[in-house]
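Written out below as structure tokens is the structure these notes cover.
The values are calculated or read from the model by the stated rules, or taken from the named source; none is laboratory data. This structure is a prediction, so every number in the text was calculated from the model and none was measured. All Cβ positions, glycine included, derive from the backbone under ideal geometry; neighbour counts span all protein chains shown.
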Amino acid sequence: MNLDDPRAQRSRARLRTAILELVADKDPAAISMSEVAKQAGVNRATVYQHFPDVNALVTDAMDEAVAHVAQAAALCPQDAPGDEVPEPLRELFQHFTGNAALYRRMLGAHGSALFATRLRERLTAELATAFRDGRRPGGADDVPPELHAAYLAGALIGVIATWITADTPAPADDTARAFWKLFRA
């Protein structure tokens with residue numbers, strides 16, 4: 001199969017959308033390829049042409065989410081004033097709010113360890129690149145950029161997981177402000 005073929009790209013996009021919709025409501029282990037096909041409006045053979053199993057499809061679909069989160073975090077101006085939440089950080093928390101059911105499932109107690117690991121690794125890599133490019137907060141110049149990036153990635157993921165899985169999550173802007181305050185401390 002040629003992944004550059006527009007038909008293949010459309011099919012994969014439909015499958016990604018379908019699995020994300022299903023995962024928002026149901027544990028990935030309980031989702032069948034037939035359900036994915038029905039949700040995507042394709043036949044089951046099409047699903048298997050693109051993905052060997054549900055886990056591979058979930059991983060592929062979540063890669064886009066991981067990339068979005070990592071890029072938004074890396075865009076944050078590290079030297080913004082402490083009383084103003086940078087817009088990329090505010091937008092990042094809004095993104096989580098808009099996809100709360102999905103992230104609750106993926107980052108919750110019974111979530112995907114693979115997703116959390118990929119998120120942490122990608123976020124660390126994006127932040128490390130930004131730090132090496134000179135976009136690093138002051139005061140930690142003697143710490144290797146990769147270690148500094150891993151520290152911030154872990155903190156951000158911890159805050160997001162705790163916030164998004166709370167029984168009654170605080171508003172996104174309040175949580176973004178709290179994270180920024182902790183970050184700037």
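When residue 155 is tested against (1) in contact with a Leu (Cβ under 9 Å, 6 or more places away or on another chain); (2) modelled with pLDDT under 85; (3) of a type in the set (Gly, Ala, Ser), only condition (2) is not met. Summed over region 145-169, residues that are among the hydroxyl-bearing types (Ser, Thr, Tyr) and in contact (Cβ under 8 Å) with a residue 24 or more places away in the chain total 1. Being touching a helix residue (DSSP H, G or I) at 6+ places or on another chain (Cβ under 7 Å) and of a type in the set (Lys, Arg) holds for only one residue in 104, 135, and it is 104.
Remark: residue 147 matches the filter, which requires a residue to be farther than 21 Å from residue 26 by Cβ and assigned by TED's automatic domain parsing to the domain that holds residue 64.
Only helices (runs of 4 or more DSSP H) whose full extent lies in region 1-78 are considered here, and the ones with at least 3 residues that are among the β-branched types (Val, Ile, Thr) and at negative phi are 6-25, 54-75.
The set of residues in region 40-49 that are farther than 25 Å from residue 113 by Cα and surrounded by 12 or more Cβ atoms within 10 Å (Cβ to Cβ) comprises 40, 42, 43, 44, 46, 49. The C-beta contact set for region 170-185 (first residue under 16 Å from residue 72 (Cβ atoms), second residue among the hydroxyl-bearing types (Ser, Thr, Tyr) and assigned to a helix (DSSP H, G or I), distance under 6 angstrom, 6+ apart or interchain) comprises 172/97. Taking first residues from region 65-87 that are assigned by TED's automatic domain parsing to the domain that holds residue 137 and under 13 Å from residue 153 (Cα atoms) and partners that are modelled with pLDDT of 75 or more and outside any helix (DSSP H, G or I), the Cβ contacts under 8 Å between residues at least 6 apart in sequence or on separate chains come to 74/135; 76/86.
Can you name every residue in region 10-33 that is surrounded by 20 or more Cβ atoms within 10 Å (Cβ to Cβ) and over 19 Å from residue 111 (Cα atoms)? Passing the criteria: 12, 15. Restricting 85, 58, 66 to those that are at pLDDT below 85 and among the β-branched types (Val, Ile, Thr) reduces the list to 66. Restricting attention to region 91-131, the residues being at pLDDT 90 or above and closer than 17 Å to residue 170 by Cβ number 3.
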